[in-house]
Amino acid sequence: MKICLFGGAFDPLHKEHIRLIERAKEVLKVDKVLLMPSYNPPHKNSLATPYEHRVKMLELYAQDSSGVFIDETEKSLNLEKSYAYIVLEKIREKYPKEELYYVIGSDSLIKFESWAKPEKVAKLVKIRVARRALSHDVEGYCAKLNALYEGADFQYAFDAEEESSSELKLDLELKRYDRLEGRVYPKILDYIKKNNLYSRHASIIERLKSELSERLFDHSVRTAEYCVKNAWMVGESFDRAFLAGLLHDCAKERAPLKALQDYPTNSPSVAHQYDGAEVAFKEYGVTDKDVLDAIRYHTTARPDFSPLGKLLYLADKLESGRSYDHIDALRKEVTEDFNKGFVSVLNHGVSYLNAKGVEYDVLTLEAYKWYN
Ligand SMILES: [Fe+2]
Ligand SMILES: [Fe+2]
């Protein structure tokens, strides 16, 4: 018997997961698919949906799909940290004679040598790869790893399409259910609504919506969208990217909290970034120092800016509602090289202010010098 193994947080299971499962049945001609939900969330910063809910959602899909089952080996092991070689060893014990295919994304493939005990993993299962980006030389890596590990069987299987759980979570948090049709399995969407999942930020969203003008709220949502969509580039969690983007302008439409001379800036339009960090902390209950720091410098940037800070700075300037000369080239540059793109956007902002003859903030000047 041929069995295909899929691991993941499945938070939640979405359209692209389902497409890959169906592709695996078709291409690998397997008799059985085992979904292996991760027991501990993979990123310690991310607050994953409770395990029981994630499994329940998988069950709703598995009930309707022939040959699909859920494997809870990872939970039964109750490990401090999840290691593929330990989980796969257990699964191999359960299925000693079966042909086991383990599907991984090409982003994991190119890091395979840094997995814990990669030689064990390579011996336990045949690895089939879903290509996540055209730039990933899947065939080349497979050949290299097949030569490197004894008994290894790595092969390209199919292409993956883009759909990220993060963007899905954003639409769920914002209750934009009309956008979720076709992207989440209907029974799973019903389950999410019934159990009020992905609503951890509901009170923040509601409050912000009632405080900001529609125009500024929409800009805030688009900024959060950009942050969440690109968070993976800097290894940021959904929650931190979402909160920073959503709340960055929370004080923009208020009167300044202090007299202008009491701000560390020479520009009145910059005061709202400092007030924003304060309001986010005191009124919206944000305690994460990195999120507050990103908000505090989102207009000016600053030297030695954190990855989250850079992400928010870029999001504010490049979100989908913005339109100005060269913006598409800047957006493209960021997707090709995040840090280089950040410097280009910073420099673009400085030249814009120069051309307009506007005096810019001391911090912007310091950031400009630091990054050039
Ligand atoms: Fe702002
Ligand atoms: Fe903004």
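The values are calculated or read from the model by the stated rules, or taken from the named source; none is laboratory data. Keep in mind it's a predicted model, so treat the numbers as computed, not measured. Please note: Cβ atoms are built from the backbone with ideal geometry, for glycine as well, and neighbour counts cover all protein chains shown. The area values use the complete protein model at the heavy-atom level, side chains included, leaving out ligands, DNA and RNA. Shrake-Rupley method; radii C 1.70, N 1.55, O 1.52, S 1.80 Å.
If the only charges are +1 at each Lys and Arg Cβ and -1 at each Asp and Glu Cβ, what is the size of the charge dipole of segment 2-163 around the Cα centre, to the nearest 20 debye?
Once rounded to the nearest 20, the dipole reads 300 debye.
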Item to check | Relative contact order of segment 2-163, defined on C-alpha pairs under 8 angstrom at six or more residues apart (%) | outcome: 23 percent
Checklist entry - Assigning unit charges at the beta carbon (Lys, Arg +1; Asp, Glu -1) and nothing else, what dipole magnitude in debye, to the nearest 20, does segment 194-323 show about its Cα centre? => result 160 debye
Checklist entry - Angle, helix 362-371 long axis vs. longest principal axis of the chain, Cα atoms, 0 to 90°, nearest 10? => result 40 degrees
Checklist entry - For Ser199 and Ala147, what is the calculated FRET efficiency with R₀ set at 35 Å and r taken between the beta-carbons, to the nearest 0.05? => result 0.10
Next on the checklist: Sort 354-360, 117-123, 79-85 by packing, meaning the average of other beta carbons within 10 Å per residue, with the highest value first.
Outcome noted: 117-123, 79-85, 354-360
Next on the checklist: I'd like the FRET efficiency for Ser65 and Ser320, computed as 1/(1 + (r/R0)^6) with the beta carbon distance as r and R0 of 45 Å, rounded to 0.05.
Outcome noted: 0.85
Item to check | Accessible surface of the chain, 1.4 Å probe, proportion on carbon and sulfur as whole % | outcome: 49 percent
Item to check | Relative contact order computed over segment 201-371 (Cα-Cα under 8 Å; 6+ residues apart), in percent | outcome: 22 percent
Next on the checklist: Given Cβ point charges of +1 (Lys, Arg) and -1 (Asp, Glu) and nothing else, what value in debye, to the nearest 20, does the dipole of the chain about its Cα centre take?
Outcome noted: 600 debye
Checklist outcome for this item: To the nearest 10 degrees, the tilt of helix 338-356 (Cα long axis) against the first principal axis of the alpha carbons of the chain is 20 degrees
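When the helix-only estimate is applied to the chain (DSSP H runs of n ≥ 4, each -39,500 (n - 2.57), divided by the residue count), what is the mean residue ellipticity at 222 nm, nearest 500 deg cm²/dmol?
Here the helix-only value at 222 nm equals -15000 deg cm²/dmol.
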Checklist entry - R0 = 41 Å: FRET efficiency of Ala355 with Trp232, Cβ-based, nearest 0.05? => result 0.75
Checklist outcome for this item: Between Asn347 and Asp218, the two model label points (7 Å from Cα along the beta-carbon direction) sit apart by a distance in nm of 3.4 nm
Item to check | Potential extension, Gln155-Arg183 segment - 0.36 nm per residue separation minus Cα distance | outcome: 7.3 nm
Checklist entry - To the nearest 10 degrees, how steep is helix 84-94 against the longest Cα principal axis of the chain, on a 0 to 90 scale? => result 30 degrees
Item to check | Solvent-accessible heavy-atom area per residue, rounded to whole Å², over the chain at 1.4 Å | outcome: 50 Å²
